[in-house]
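What follows is one structure encoded as structure tokens, with my remarks underneath.
What follows draws every value from the coordinates through simple rules; no lab data is involved. Fair warning: this is a prediction, and the values are worked out from it, not measured in the lab. A quick note on method: Cβ atoms are made from the backbone with ideal geometry, for glycine too, and the neighbour counts reach across all protein chains shown.
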Amino acid sequence: MPVPESGRRVRFGVFEADLRSGELYKQGLKIKLQDQPFQILALLLERPGELVTRQELRDRLWSADTFVDFDVGLNTAVRRLRDALGDDAETPRFIETLHRRGYRFLAPVHWESESMAAQAAPGADAKTAPHAGQAPTGRHGKRQIRLAWIAVAPMVALLVAFAVPPVRHVFLPSGAARIQSIAVLPLENLSGDPGQEYFADGMTDALITHLARIGPLRVISRTSVMPYKAARKPLAQIARELNVDAIVEGSVVRSGNRVRINAELFQSVPERQLWANAYERNMADVLALEDEVARAVAAEIQIKLTPQERARLDAERPVQPAAYEAYLRGRYFWNLRTVDGVKKSVAYFQEAIQDDPNSPLPYAGLADAYNIMGFGVIHLMDSNEAGPKAVAAADKALALDDSLAEAHTALAFALHRFEGDWAGAEREYRWAIQLNANYALAHMWYGHFLFEVRRTKEACDEFDRARDLDPINPNVAQWLADCLVEGDRFDQAISLLQKTIEFDPNQPNIRWALGDLYERQGKYPEAIQQYEKGGEVNGRDSYMLALLASAHAASGNSAEAVKLLREMKRREGKENPYLFALVYARMGRTEEALRYLEKAYAEHSWGMILLRQEWRFDPLRSDPRFQNLLRRLNYPEIPESK
């Protein structure tokens, strides 16, 4: 259909496109759309109902001297266009895919000039009717296409992914602004098998880890990018929310013993694609594959690697495919931070160690698992058992590779939480951060350490750094709230936690932190409500029951507090001395509280490390027996840094 010369504005459905200015509107409101997706739309609108081939789109979008992985770039641009239109590839209203050939615009099109108005739709005349051998259109035909596609999609995804040889050339527009921060969005799983999600997530995590080794670059942590998995948000919006200059996105596909990553780099301001490339290796060389992508990104954003950074990126050893796959499964389940997830992670880390005892990664993962099993919300193992196991696993990882920041952090946590080795823990935290300044978990746990030794300003600085790297991690928000409380800014702390809950209501520790603030203010009904809501997510474990008992005791309902203590004992099969002491302190029963604290000290109870900062023990602090306990815990008296 010829395009009217008198106007370049075209309407379809509730949309209007201005082909001169490159602007798209929906019901009068401008929609943000990058240039390449808009150019695709323009070509489709100029030929509604007709096949627009992939080669025609390539000629329109990329000049002959541009070197880019065309398939990756085109697929991404079409996906962005569909996102802007709210269209679906499976049940299209606007853009139909003709597999391996091109695309067809389906909706009626109305040009601005009424005298030359034309309306085109599939099947409107002989010119647009399907020819023999073309894919059928119409409701019945489209359903046939969808059913056929569902049947062959996994096979086609693999064939397409591996049919195109890896491209080694890149394209960087001149005048690109300096990029100092980046986020890697979850890689799309193109295997056609939902059971391979762990592999795509694991490769995302690994790519983040490899990029994070580049010192001058701020890399957003896994916790803050995973919520964007399958999110239909413009890249510019994601970049604003994560406060980064650039976004890496792409896909991963595995077929047998081969792995292929398609990756693209987008700059947020101005919005443009900087680079697209594809990488393929054997599974045994998967770590080298991840390093290759990381080095390519560093080169494109003009980050100069130090000799140490280059050496770390070049030093990756081959892996045993089965062992690495088990490790990725372990990390996938560990990152769920659930009771069942942590149990499964231990089994997979142990399987990976059995398959490849010389790989440091599963030992580091195992140390992380034992740490959270012995301390905190997920309490699956006595600290006397968890601590030595965590230390042993971390030591083994470091014996195999002492450059692993994750292993140094896991060792620091175990020394800090389980062994009370304050000097050793600080040494390991600082070494981890020196090795990988982008490791948010190291900053967060080091902040915990500093908070407990009363170096509050340094602690809050570490939490601020963790927030820069992991801006939507609820655990970071929890500790930043504690910093606000230290400055008597309770209202701001409560507001921060309330906003965190709005973003993710299924975080029990944030519920409990909010309840803790309410309890400190004497708002007992509000505190009880938050404690119970946290229990709905995590179950009625001993910690949650102790918090409830504390609030009831402080409100004057000692009978309910005693009832909850009995439930705690039934659930654990024994009395948890630290938690019992906490409740008795709130009930004003000093002798029982001190007796249970002595028992907790003798048993190395996981909560004793928090004794110095736990406000519920404030009524006991003047007692010489309590002060004696604090001395025996050997808290270091280190002055605030200036």
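Things worth noting here:
- The mean sequence separation of alpha-carbon pairs under 8 Å and at least six residues apart, normalised by the residue count of the chain, gives a relative contact order of 8 percent.
- What you get for region 181-318, charging only the Cβ of Lys and Arg (+1) and of Asp and Glu (-1), is a dipole of about 200 debye around the Cα centre.
- Among the listed pairs Lys343/Lys574; Lys343/Lys569; Lys30/Lys229; Lys344/Lys574; Lys30/Lys533, those whose Cα-Cα separation exceeds 30 Å are Lys30/Lys533.
- Database remark: amide H of Arg218 closer than 5 angstrom to the amide H of Ser181, Ile182 (H placed geometrically; neighbours at sequence offset of 5 or more, or on other chains; Pro and chain starts carry no H).
- Here's how it looks for Trp275: its modeled amide H is under 5 Å from those of Leu265, which are all 5 or more places away or on a different chain.
- For region 302-360, the Cα-based Rg and Dmax, in that order, read 15.0, 43 Å.
- Across region 217-229, coupling constants 3J(HN,Hα) worked out from phi with the 6.51/-1.76/1.60 Karplus curve, θ = phi - 60°, read 9, 8, 10, 6, 6, 4, 4, 8, 9, 4, x, 8, 5 Hz, and Gly and Pro carry x.
- Extension gain for Asp83-Arg430 works out to 120.5 nm (0.36 nm per residue, less the C-alpha to C-alpha distance).
- Gain in span if fully extended, Leu29 to Phe503, counting 0.36 nm per residue against the direct Cα distance: 168.0 nm
- Percent of C-alpha pairs per 10 Å bin, region 181-318, short to long: 12, 45, 35, 8, 0
- Nearest-0.05 FRET efficiency for Glu572 and Asn634, computed from C-beta distance (R0 35 Å): 0.80
- Label positions at Asn358 and Arg612, each projected 7 Å from the Cα along the C-beta direction, are separated by 4.4 nm.
- Backbone phi angles across region 607-613, fed through the Karplus curve with coefficients 6.51, -1.76 and 1.60 (θ = phi - 60°), yield HN-Hα couplings of x, 4, 5, 8, 4, 5, 9 Hz in residue order; Gly and Pro are listed as x.
- Residue-by-residue Karplus 3J(HN,Hα) for region 322-337, coefficients 6.51, -1.76, 1.60, Hz, glycine and proline x: 5, 5, 5, 4, 5, 4, 4, 4, x, 5, 4, 6, 4, 5, 5, 6
- In this structure, His99 and Leu336 have a Cβ-Cβ separation that, at R0 = 41 Å, corresponds to a calculated FRET efficiency of about 0.70.
- Anchor Lys32: aspartates and glutamates whose Cα lies under 20 Å away (excluding residues fewer than 8 positions away in-chain): Glu16, Asp18, Glu23, Asp83, Asp87, Asp88, Glu241, Asp245, Glu249, Glu264, Glu271
- Whole-Å semi-axes of the ellipsoid equivalent to the chain (Cα gyration tensor, √5λ, descending): 54, 28, 23
- More than 16 Å apart - percent of Cα-Cα pairs taken over region 468-557: 51
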